[in-house]
Amino acid sequence: MLITDATLPDGRTRDVRVDGETIAEIGETLSTTPDERTVDGSGKRLTPGMIDVHVHFRQPGYAHKETWETGSKSAAAGGVTTVVDQPNTDPPTIDGETFDQKRDFAADSLVDFGINGGVTAEWLPNILLRRPLFALGEVFLADSTGNMGIDADLFADALQQATDREITVTVHAEDATRFNESARERGDADAWSAYRAAQAEIEAVRRACEVAGEHDARIHIAHTSTPEAIDIASEAGMTCEVSPHHLFLSRNDLPELGTFGRMNPPLRRENRRKKVFERVADGTVDMIATDHAPHTREEKDASIWDAPSGVPGVETALPLLLNEAREGTLGYERVRDLTAANPASVFDIPNKGRIEEGFDADLVLFDPDEVREIRGEDTHTKCDWTPFEGMDGIFPELTMVRGTVVYENRREELFAEPVGQNVRETGVR
Ligand SMILES: NC(=O)N[C@@H](CC(=O)O)C(=O)O
Ligand SMILES: [Zn+2]
Ligand SMILES: [Zn+2]
């Protein structure tokens, strides 16, 4: 395929030739060869496909919430070309058998993937850590969906085992001893934010970074929701991600969202959200990862103490960020770094995350003037709702995974067959 006259994240307008699975040539004017499909990219922009290192695609165990098919279609339609699945499925991904089982489900994926391994008292590190894992994690320092919270000793042990094998550990950092029990008496949606207090995250991140330092380990903090936690991680030389809901939503939105705004860690006050945004814009935050955590409308429609935690996001993250780029609050290069270049370098995924010759042809073509209102019913996840309802997004016209067009939206929406591969399995190409 030849994409002509598309604007790259750095502002250059170029022709981009894809041959097989890779970007073959980038030039000012490339001539077409016979039998090659040409796509007119004039007035449009290209960005590398998003690498979302934090999704919950729910198989095995919770196929009514999401499957690899629906989750990866949602990813493709949102410009995400690599996803990393988390271990809190049923059974949890904690040994060889459960890893292999999840690997089989992932064969339905339209996009490339990684599979994380989890830590519980029953995990089998010697077997699990020899599988082609993406990373260890998310390791739950407090209970979240799946109740996989572990104690300090097990965390230290897991950190050591992973570090011995040069495997990065991603951490869900909240300290349940610092939850605010008095909020338990309340019944409004904001009670969840009052309960799982900011300080519970801040102190858990501080402690996790200390323990990592003691073990010479490198950890990655999942879904940081406070500027304090981001600063602690960054000053400790660790990496962190921010999820779109903590970037674009705050406790001010809870009267409208109700229990659909419940997630872990929870939404924070508007002044903290603004400071999180600043750290995303200035590069202190390494990457955006969605923590796509689908639950059905029926499940979410419960009391604030009974509703499950988590919101969908894999389809709307890049569109929301591209809209920020259009508005000038984030540059297109920053968006590329946050969504593609940084996750690829932090998690060592060679050949992805940049539009350069020889790199995987994981590409998203979009029209920067085509702004669309986000609607839950338009998304492709099993979740037919979104916490970003009514916000502006810029959606892909075409999403390519290693040279295959997996999603195209021209007159109608078209999806390809599953072509996803495990990014940690080499030699499969
Ligand atoms: N973030 C959430 O609120 N929920 C996640 C689990 C998690 O990432 O903690 C889920 O799997 O539902
Ligand atoms: Zn988590
Ligand atoms: Zn998660």
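The values are calculated or read from the model by the stated rules, or taken from the named source; none is laboratory data. Here the structure is a predicted model, which means the values were calculated and not measured. Quick reminder, even Gly has a Cβ in these numbers, built from the backbone with ideal geometry, and neighbours come from all protein chains shown.
Which pairs do you get when a residue that is within 13 Å of ligand 3 (Cβ to nearest atom), found in segment 143-168, comes within reach of a residue that is among the hydroxyl-bearing types (S, T, Y), reach meaning Cβ atoms under 9 angstrom, with the pair 6+ apart or on two chains? That search, which allows pairs on different chains as well, returns S144/S309; T145/S309; G146/T89; M148/T120. Among the residues of segment 303-330, just one is in a loop (DSSP other than H, G, I, E, B), in contact (Cβ under 8 Å) with a residue 60 or more places away in the chain, more than 19 Å from the chain's Cα centre (by Cα) and more than 15 Å from ligand 1 (Cβ to nearest atom), namely S303.
Residues in segment 179-192: is at least one under 19 Å from E138 (Cβ atoms) and either surrounded by fewer than 21 Cβ atoms within 10 Å (Cβ to Cβ) or away from ligand 2 (no atom under 16 Å from the Cβ) (or both)? Yes - at least one qualifying residue is present in segment 179-192. Can you spot a residue in segment 294-305 that is surrounded by 16 or more Cβ atoms within 10 Å (Cβ to Cβ) and within 14 Å of ligand 3 (Cβ to nearest atom)? Yes, because at least one residue in segment 294-305 is surrounded by 16 or more Cβ atoms within 10 Å (Cβ to Cβ) and within 14 Å of ligand 3 (Cβ to nearest atom). Note on segment 164-180: residues that are under 17 Å from the mean Cα position of the chain (by Cα) and outside any strand (DSSP E or B) amount to 2.
What helices (runs of 4 or more DSSP H) completely inside segment 54-137 contain at least 1 residues that are within 16 Å of ligand 3 (Cβ to nearest atom) and within 13 Å of the chain's Cα centre (by Cα)? Hits in segment 54-137: 68-77.
Taking D337, is it closer than 21 Å to A135 by Cβ and either at pLDDT below 95 or in a helix (DSSP H, G or I) (or both)? The answer is yes for D337. Restricting segment 278-293 to residues that are touching a helix residue (DSSP H, G or I) at 6+ places or on another chain (Cβ under 6 Å) and assigned to a strand (DSSP E or B), which is surrounded by the most Cβ atoms within 10 Å (Cβ to Cβ)? The qualifying residue surrounded by the most Cβ atoms within 10 Å (Cβ to Cβ) is I288.
Only one residue in T386, T379 is at pLDDT 95 or above, among the hydroxyl-bearing types (S, T, Y), in contact with a Lys or Arg (Cβ under 8 Å, 6 or more places away or on another chain) and within 28 Å of K102 (Cβ to Cβ). Which one?
T386
Number of residues in segment 24-53 that are farther than 27 Å from H292 by Cβ and not in a loop (DSSP other than H, G, I, E, B): the value is 7.
Residues that are under 19 Å from the mean Cα position of the chain (by Cα) and modelled with pLDDT of 95 or more are absent from segment 410-417. Evaluated against (1) surrounded by 24 or more Cβ atoms within 10 Å (Cβ to Cβ); (2) part of a loop (DSSP other than H, G, I, E, B), D216 falls short on exactly one condition, (1). Remark: pairs (first residue in segment 278-302, within 16 Å of L320 (Cα to Cα); second residue away from ligand 3 (no atom under 16 Å from the Cβ) and in a loop (DSSP other than H, G, I, E, B); Cβ separation under 7 Å; 6+ apart in sequence or on different chains) = A281/T329; A281/L330. Just one of the listed residues (R268, R262) is within 16 Å of ligand 1 (Cβ to nearest atom), within 19 Å of the chain's Cα centre (by Cα) and farther than 18 Å from D337 by Cβ, namely R262.
Per the listing R14, R37, the residue uniquely free of Cβ contacts under 8 Å to residues at least 40 places away in the same chain and either buried (at least 18 other Cβ atoms within 10 Å of the Cβ) or within 16 Å of ligand 2 (Cβ to nearest atom) (or both) is R14.
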